[in-house]
Amino acid sequence: MRYILWLLKAAIFFTLFAFALNNQQDATVHFFFGTQWRAPLVLVVLTAFAAGLIVGVLGMVPRWWRHRTAARRAEAASPAAATSASPASTTAAGTAPPPPPDLPSIHGI
């Protein structure tokens, strides 16, 4: 399996390398107010890809922060909830609750 993964990585690398070698012509990117940028096409494509990655990551940062704070709050609340449980309720049952009934498999396995 490891060899197949290395072969896949090598194939992707050589495909991208061949793309870079075949697209060495200069491309002109026109911005606003008559500004333009001349660079090899590979550099233009790589810059556009990197800019897309940066915009995507920056778009996800607020959501990641919200999930991190929610996880920290849940982690801080879980030990407090475990210590606040009354010992009488844990010893009254004496055993663990019964397992749930067997449900039919929806996949037919």
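FRET efficiency for Trp64 and Phe33, Cβ-Cβ distance as r, R0 = 25 Å, nearest 0.05?
Values: r = 36 Å, r/R0 = 1.43.
So, using R0 = 25 Å, E works out to roughly 0.10.
Computing FRET efficiency as 1/(1 + (r/R0)^6) for Ala50 and Arg72, where r is the C-beta to C-beta distance and R0 is 25 Å, gives about 0.20. Over all distinct alpha-carbon pairs, what is the Kirkwood Rh of segment 12-78 in angstrom? One over the average 1/r among Cα pairs gives 15.4 Å for segment 12-78. Just name one of Val45, His67, Ala77: the one whose Cα is farthest towards the positive end of the charge dipole of segment 12-78 (beta-carbon charges, Lys/Arg +1, Asp/Glu -1). So the residue we want is Ala77.
Read-outs throughout are calculated quantities, based only on the coordinates presented, and are distinct from any laboratory measurement. It should be emphasised that the depicted structure is a prediction, and the values quoted were computed from it without experimental measurement. Positions of Cβ are backbone-derived with ideal geometry, glycine not excepted, and every protein chain shown enters the neighbour counts.
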